[in-house]
Amino acid sequence: MTCRRLRTLCLPAIFSLLPVHEYTKALKHNTYPFRILETFKIIHIHGSREVPPETLENIFFAATNLRKVVYRGSDYDVIPGCIFTHPAVTDLTLCKPAIRHSSPTFACRSLRAFNMFYTGRWARIHKLDAANFRAERDFICSQIIASRASLEELVLPGETTSLSSLVEAPWPRLRELTLAGAYPEDVDTVPLVDVLCMLPQLSALALSIAPRRCQTAVYIWPPDLVPARAPALARLIRVSLSFPREDDQIFSHFPPSLVELALRDSPRYYNRFSGSWDWRHPSPETEPFEVGQPTPGPLLTCSGATRVFCAMPAQLRLQRLELVILAGDLDAEMKMYAQIASTCPHLRIFELHRYRPDKSPVVPVAEILQGLHGLKGLTDLRLYLDFAPFDLRYGLREVFENHDKMALLVDATADQVATALPGLEHVGILAKLHGNSHRWTTWTLHRGDDGVLLQKDSEYPQVDMSWI
């Protein structure tokens, strides 16, 4: 094999991803050969303060096969303009970008995927001042409108997304839409169903958005609203909705082919005690920032969840379900489980977050498992049962004692689950350790003539519904 042939085969495999940060000496001295630079398909930029702008421009100019850019910035970085001028970039992810009025005003013209949300966004929403809020909203509009004809995947922060820009014209190729964060600023004037009407190819929808302060949970499709055009929901496969309304019309229009559904809270771990929700409230001098301040919405009750599943098409092909409820009357909860079993006979994976009533320290595990017994095809069950803390004191001794007691309770609950539901193959239980710290414990079940053996997984697999 000749050297040229060897280079042709090996270079694309070895040099497909280029990390760019202040410690990349080769970039500082501009020593990457042109032949290597042209093989890179992905560039990850971790901050751009220490990398000379001309070096970045040379890198992007030479990377002719570049397709994806991931930029992770900070409050002090300025987004390099060369990211948006490369003609071949089709996948752009911006994590923690500092969007100011001085940010680049030009946009990529042929994006297939655009992602501007990241997991740490929740803790930063309250830091957005009015000027940066408007700048980020205008920046997002310019980016997505420029690629309206080509975008297929879109992940945006809810509080700085303009719904008006989404309903101006159809998005002919958009398959996946995710809004996460606080409600959009114009959610009260632009119904979310009008956005769905502009997405003829939609197959995955995630609305992980929470009300702003002084707002109530909004409808996606209000009960009395007849949209100008019917939304095309026939291709929907995955749906995730935070703080859904039980009488929302969207549920009766789900296609029978829906495979994955999440009815949940955003962010995780609803706090049912008023005044203690884990959001930092703005001080008087930061009152203009309140525009991005989310608050918890109401959880579904058991009777509300029953109504939701009654509205769905019969014999839904749903295979994965995540449900977050606020428990109340036990009879209503049993009816809810029976309705889920009737509507979703093909359900295999069920993640249930059940928050007990305020004054009920006891979790009726046996009754819950009896209700779940009707889910005959269930193979994976993941539970958060909101066990009451053993000791509300937070000294070091009490923290360790609570941890040990909770671990014993979780193990005993897993044994109870494995015995009550004979078809299960995997069990996961989420428990609150101390403060607002939570941890999953998971088991693989091995059944034989001697009964069931629970094998605790040494490494916790991804049991949170990140797939949605």
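The values are calculated or read from the model by the stated rules, or taken from the named source; none is laboratory data. The shown structure was predicted, so the numbers you read here are calculated from the model rather than taken from an experiment. We place every Cβ from the backbone using ideal geometry, glycine too, and count neighbours over all the protein chains shown.
Things to note:
- You will find that of PRO231, PRO227, PRO223, the residue that is touching a Leu at 6+ places or on another chain (Cβ under 6 Å), at pLDDT below 95 and either surrounded by fewer than 22 Cβ atoms within 10 Å (Cβ to Cβ) or not in a strand (DSSP E or B) (or both) is PRO231 and no other.
- Single residue of segment 71-84 satisfying the filter (surrounded by 16 or more Cβ atoms within 10 Å (Cβ to Cβ) and not in a helix (DSSP H, G or I)) that is modelled with the lowest pLDDT: ASP77
- Residues satisfying the stated conditions in segment 314-340, i.e. under 27 Å from the mean Cα position of the chain (by Cα), part of a helix (DSSP H, G or I) and either among the hydrophobic types (A, V, I, L, M, F, W, C) or more than 20 Å from VAL362 (Cβ to Cβ) (or both): MET336, GLN339, ILE340
- Taken together, ALA431, ALA414 contain a single residue that is surrounded by 17 or more Cβ atoms within 10 Å (Cβ to Cβ), modelled with pLDDT of 75 or more, in contact with a Ser or Thr (Cβ under 9 Å, 6 or more places away or on another chain) and part of a strand (DSSP E or B), which is ALA431.
- Residue check for ILE99: buried (at least 19 other Cβ atoms within 10 Å of the Cβ), within 22 Å of ARG121 (Cα to Cα), modelled with pLDDT of 70 or more and of a type outside the set (Lys, Arg): yes
- Here is the figure for segment 146-166: residues that are more than 12 Å from MET116 (Cβ to Cβ) and assigned to a helix (DSSP H, G or I) total 5.
- Selection count, segment 172-196, where residues are more than 22 Å from PHE133 (Cα to Cα), over 21 Å from the mean Cα position of the chain (by Cα) and crowded, with 17+ Cβ neighbours inside 10 Å: 1
- Residue check, ALA206 touching a strand residue (DSSP E or B) at 6+ places or on another chain (Cβ under 9 Å), farther than 12 Å from ILE250 by Cβ and touching a residue at least 12 places away in the same chain (Cβ under 8 Å): yes
- Qualifying residue in segment 234-255 (condition: assigned to a loop (DSSP other than H, G, I, E, B), within 14 Å of VAL195 (Cα to Cα) and touching a residue at least 24 places away in the same chain (Cβ under 8 Å)): no
- Residues located in segment 171-189, provided they are out of contact with any Phe, Trp or Tyr (no Cβ under 9 Å at 6 or more places or on another chain) and at pLDDT below 95: ALA182, TYR183, PRO184, ASP186, VAL187, ASP188, THR189
- A single entry from THR64, THR24 fulfils the requirement of being surrounded by 14 or more Cβ atoms within 10 Å (Cβ to Cβ), at pLDDT 80 or above and more than 24 Å from PHE139 (Cα to Cα): THR64.
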